[in-house]
Amino acid sequence: MKALALFSGGLDSMLAIKLITQQGIEVTALHFDIGFGTDDDKFDILKRRANLVGAEFLLVDIKNAFLQNVLFNPKYGYGKHFNPCIDCHGYMFKTALAMLENEGASFVISGEVLGQRPMSQRKEAMAQVRKLANDENELVLRPLCAKLMPPSRPEREGWVDRQKLQDISGRDRKTQLAMAKSWGIQDYPSPAGGCLLTIEGFAVKIRDYLKFDDNMRPIDVAWLKIGRHLRLKNGAKMVIGRDESDNFALLSKPNDKFLPINFSSDIVGAKSFISVGANEEDMHFAASLALAYTKACKDKLYDIYIGDKIFSVKAFDKAVAQDFFVK
């Protein structure tokens, strides 16, 4: 017997897997990459945590599908910010259920706890998720709160012993922490939203983006997660790296919607970019602002190159940027 698990890498999803692997059931932990969660360099941590509770790990890239099918027109709307949690969960379950045959698995589990999340983990919301997932065969099992819900097919058929599952509800994590301690599980993150869509500052960036461009791609999402973002006077978008890691990310993930703002190689500082199609006034302004985030001399003229244009400018004071940050 084998199950597929929706795996966030958090404690709840680890415990849900442990409850199932302890019953001698093989589990593959599916981490769905929607583009708004874990950074690429953290996937090795997720794999380690999945292995810790006896599961194999599989990364499933659904970034394009999520943007096209879920984010911008959710049937059940958004949470407090730009988070379509019910539709997102439904889409993940639907995808996992569609993978059962190819993965040689019989059912799907998740680490959800009844009443833990105000939008997606209410009984009503879980019923909505089931409809979105097309789970007519009741193959979704939530081990941490199973005893508070009608038995799923895996329980009714005896694939899983319902008596060995849990009846956890609410936001208190004492039971989960006690379970982790009893099993010697120490490698897990502190509880957090995890998804950038639940964070107000990031939701503001998305709304600003969509005012000027309705074609958001995975690379555009990746850039929204990097650097300082500014909207200039005439509508151009400017992105300025915050540190060396930002500089590296912006250069290693080229985005054809932006032009680099180039200057002589002896000027050390942040990498800056401006959106393609920016008018000359915004480019001139961006050239001076880009210099502000370097070690350029403040009273010296520099030649700045943007596309096929050259601007001879001095560096602004950084304070000038305050009125243009997307926030």
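The values are calculated or read from the model by the stated rules, or taken from the named source; none is laboratory data. Quantities reported herein were computed from a predicted structural model and do not represent experimental measurements. Neighbour counts run over all protein chains shown; Cβ positions are idealised from the backbone, glycine included. All accessible areas refer to the heavy atoms of the entire protein, side chains included, with ligands and DNA or RNA removed. Shrake-Rupley method; radii C 1.70, N 1.55, O 1.52, S 1.80 Å.
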Sole miss for residue 38 among (1) open to solvent by 20 Å² or more (accessible area, probe 1.4 Å); (2) among the polar types (S, T, N, Q); (3) closer than 17 Å to residue 10 by Cβ; (4) at pLDDT 95 or above is condition (4)
Anything in segment 146-163 that is outside any loop (DSSP other than H, G, I, E, B) and within 17 Å of residue 114 (Cα to Cα)? List them, or say none. 146, 147, 148, 162
Any residue at all in segment 66-79 that is β-branched (Val, Ile, Thr) and in a helix (DSSP H, G or I)? yes
It is to be established whether one or more residues within segment 29-39 are more than 20 Å from residue 133 (Cα to Cα) and among the hydroxyl-bearing types (Ser, Thr, Tyr). yes
If you take the residues of segment 228-249 that are in a loop (DSSP other than H, G, I, E, B) and in contact with a helix residue (DSSP H, G or I) (Cβ under 7 Å, 6 or more places away or on another chain), which of them is nearest to residue 196 (Cα to Cα)? 241
Test residue 58 against the stated conditions and say whether it is crowded, with 23+ Cβ neighbours inside 10 Å and either in contact with a Pro (Cβ under 9 Å, 6 or more places away or on another chain) or closer than 27 Å to residue 161 by Cα (or both). no
Being open to solvent by 10 Å² or more (accessible area, probe 1.4 Å) and in a loop (DSSP other than H, G, I, E, B) is the filter here, so list the residues in segment 136-145 that pass it. 136, 137, 138, 139, 142
Which of the residues spanning segment 129-176 are under 13 Å from residue 20 (Cβ atoms) and of a type in the set (Asp, Glu)? 155, 161
Which residues, counting only those in segment 154-173, are open to solvent by 80 Å² or more (accessible area, probe 1.4 Å) and in contact (Cβ under 8 Å) with a residue 24 or more places away in the chain? 164, 171
Residues to consider are 272, 245; find the one that is touching a residue at least 12 places away in the same chain (Cβ under 8 Å) and under 29 Å from residue 215 (Cα atoms). 272
Whichever residue in segment 101-121 is over 24 Å from the mean Cα position of the chain (by Cα) and not small (Gly, Ala, Ser) and, among such residues, is surrounded by the fewest Cβ atoms within 10 Å (Cβ to Cβ): 102
Among the residues of segment 308-322, which ones are over 15 Å from residue 261 (Cβ atoms) and within 28 Å of the chain's Cα centre (by Cα)? 322
Scanning segment 3-28 residue by residue, those of a type outside the set (S, T, N, Q) and closer than 16 Å to residue 186 by Cα turn out to be 9, 10, 11, 12, 14, 15, 16, 17, 18
Only one residue in 18, 47 is open to solvent by 30 Å² or more (accessible area, probe 1.4 Å), more than 21 Å from residue 152 (Cβ to Cβ) and modelled with pLDDT of 95 or more. Which one? 47
Quick one: how many residues across segment 27-59 are in contact (Cβ under 8 Å) with a residue 60 or more places away in the chain and part of a strand (DSSP E or B)? 4
If only one of 76, 91 is touching a helix residue (DSSP H, G or I) at 6+ places or on another chain (Cβ under 9 Å), open to solvent by 10 Å² or more (accessible area, probe 1.4 Å) and either at pLDDT 95 or above or at positive phi (or both), which one is it? 91
Which residue, of 165, 132, 144, is over 24 Å from the mean Cα position of the chain (by Cα) and of a type in the set (A, V, I, L, M, F, W, C)? 165
Within segment 130-183, residues farther than 16 Å from residue 15 by Cα and aromatic (Phe, Trp, Tyr) come out as 159
Checking residue 30 against (1) over 15 Å from the mean Cα position of the chain (by Cα); (2) closer than 12 Å to residue 4 by Cα, only one condition comes out false. Which one? (1)
